[in-house]
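Student: Here it is, the structure in full.
The values are calculated or read from the model by the stated rules, or taken from the named source; none is laboratory data. Being a predicted model, the structure only gives us computed values, none of them experimental. Here the Cβ positions follow ideal geometry from the backbone for every residue, glycine too, while neighbour counts run over all protein chains shown. Please note that ligands, DNA and RNA were not included when accessible areas were found on the heavy atoms of the full protein model with its side chains. Shrake-Rupley method; radii C 1.70, N 1.55, O 1.52, S 1.80 Å.
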Amino acid sequence: MGMKTRLCNADDASVREAADILKAGGLVAFPTETVYGLGANAFDASAVLSVFTAKGRPADNPLIVHIHDRNQLDEICDIPLRAPALMDAFWPGPLTILFPRKSVIPDVVTAGLSTVAVRMPSHPVALSLLRASGLPVAAPSANRSGRPSPTTAMHVLEDMKGIIPMIIDGGACEIGLESTVLDLSHESPVILRPGGITKPMLESVLHEEVLLAGSILRPLQPDEKALSPGMRYRHYAPAGSVTLVRGSESDVVSTLKLLCRQDLDAGRKSCVLCFTEHVPMLCGCAPHDMGSIANHAEIAHRLFDILRQLDQEGMETIYSEVIPPEGVGLAVMNRLGRAAAFRMIDV
Ligand code: TXA
Ligand code: MG
């Protein structure tokens, strides 16, 4: 496709122009605190349809609607009893809540489901774009389907050049992983996708147990129903094969070295993903620095950029350290686990 894609600074003029594109039924990529989004007017079915085309996204995987003001909710959905406390605590921010949907939201947004996913992002550029457009904006992550979500404007450009008219560059996304998706339609709240708002954070506001969807840390079984359609798809997967290694620090480092060396000796392009502290010990294994072992937010922030690098470098086999699946570590291990098709070696 031959469309010219402009990369614009996040100034007032760009935001106004982007809002005009949205109002006219076009698509704009914009920064949020989690990842970059690819936005369309959520009321405009044909604009939303073009989001699916631009991404190559399966039509049965619904989008998140972004708002800047809670007053926008009444028009688009009902509000479950537990939602206001959550919105008070975590909006604007990386929490997406499923709401019973009203019919002004076209089927194409929700893939025909009876719920609509809504979040209020905290990124100032996202909020000013939403405010300037005056619209609820349906926006999935701005990657081509099956690629890691973009955490910089350059990542968006890699995937969307020639396909969309405009990318607003707001720098690197602070969190770097997609929002937590929470389903309130069951007896207990269920986290469908873990993110920056963690299970203990939700529980401390709701004063009740919050459950985790079964397939967060393992593959979906062939006969298992996906609570969130997104979980059916192979995501975040580099072209090379990723294997996770778990165990004591010294055993993990020596196993990473052994496995990577074997592959390098066999003539394969191979590397390791490791903590900053282990880079010196793995210097012969093309170490990719995931961040400090003590700083899980840093690891989250870097992960998708590293996964994209692996493809650019043509890596065939990748061996990675893991972190405990707690707090934001659960979101990291969900994305890394899926990139590895949950292949794990215990040492
Ligand atoms: O942080 C984020 O959430 C980013 C930024 C741009 O806001 N957006 C994002 O959107 O990650 P997307 O489309 O890449 O992921 C949306 C996820 C998918 O897994 C989808 O299946 C799920 O939310 N989802 C959306 N609507 C749903 C619904 N009604 N019921 C269940 N799952 C839903
Ligand atoms: Mg996505």
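Student: Amide H to amide H, which residues 5 or more places from S241 or on other chains are under 5 Å from it, using H placed in the peptide plane?
Tutor: Correct list: T317, I318.
Student: Going by Cβ distance under 4.7 Å, what cysteines of the chain have no possible disulfide partner?
Tutor: Those would be C8, C77, C173, C271, C274, C283, since no other cysteine Cβ in the chain comes under 4.7 Å of theirs.
Student: For R193, what accessible surface area do you get with a 1.4 Å probe? Give it in Å², rounded to 10.
Tutor: Roughly 60 Å² of R193 is accessible to a 1.4 Å probe.
Student: For D60, D74, D159, write out the residues from largest to smallest accessible area, computed with a 1.4 angstrom probe and no ligands counted.
Tutor: Final ranking, largest accessible area leading: D74, D60, D159.
Student: Dipole of segment 88-177 (Lys/Arg Cβ +1, Asp/Glu Cβ -1, origin at the Cα centre): which of A89, P106, P140 lies farthest to the positive side?
Tutor: P106
Student: When the dipole is taken about the Cα centre of the chain, and only Lys, Arg (+1) and Asp, Glu (-1) are charged at their Cβ, what size is it in debye, to the nearest 20? Present the calculation step by step, with values, prior to reporting the outcome.
Tutor: Numbers: 31 positive and 39 negative charges, 176 e Å.
Computed charge dipole of the chain: roughly 840 debye.
Student: At 1.4 Å probe size, what's the solvent-accessible area of Y319? Round to the nearest 10 Å².
Tutor: Roughly 20 Å² of Y319 is accessible to a 1.4 Å probe.
Student: Moving on. At 1.4 Å probe size, with every protein chain present, just tell me what the per residue accessible area of the chain comes to in Å².
Tutor: Accessible surface, normalised per residue, equals 40 Å².
Student: Something else about it: Roll a 1.4 Å probe over the protein heavy atoms and report the accessible area of H66 in Å², nearest 10.
Tutor: Its heavy atoms expose roughly 10 Å² to the probe.
Student: Of H66, G291, G26, which is farthest along the charge dipole of the chain in the positive direction, counting Lys and Arg as +1 and Asp and Glu as -1 at C-beta?
Tutor: Result: G26.
Student: Just to be sure I follow the rule: in the chain, considering lysines 8 or more places apart or on different chains, how many pairs have Cα atoms under 24 Å apart?
Tutor: Lysine pairs meeting the criterion: 9.
Student: Right, another one. Counting only protein heavy atoms, what percent of the accessible surface of the chain is carbon or sulfur at a 1.4 Å probe?
Tutor: 54 percent
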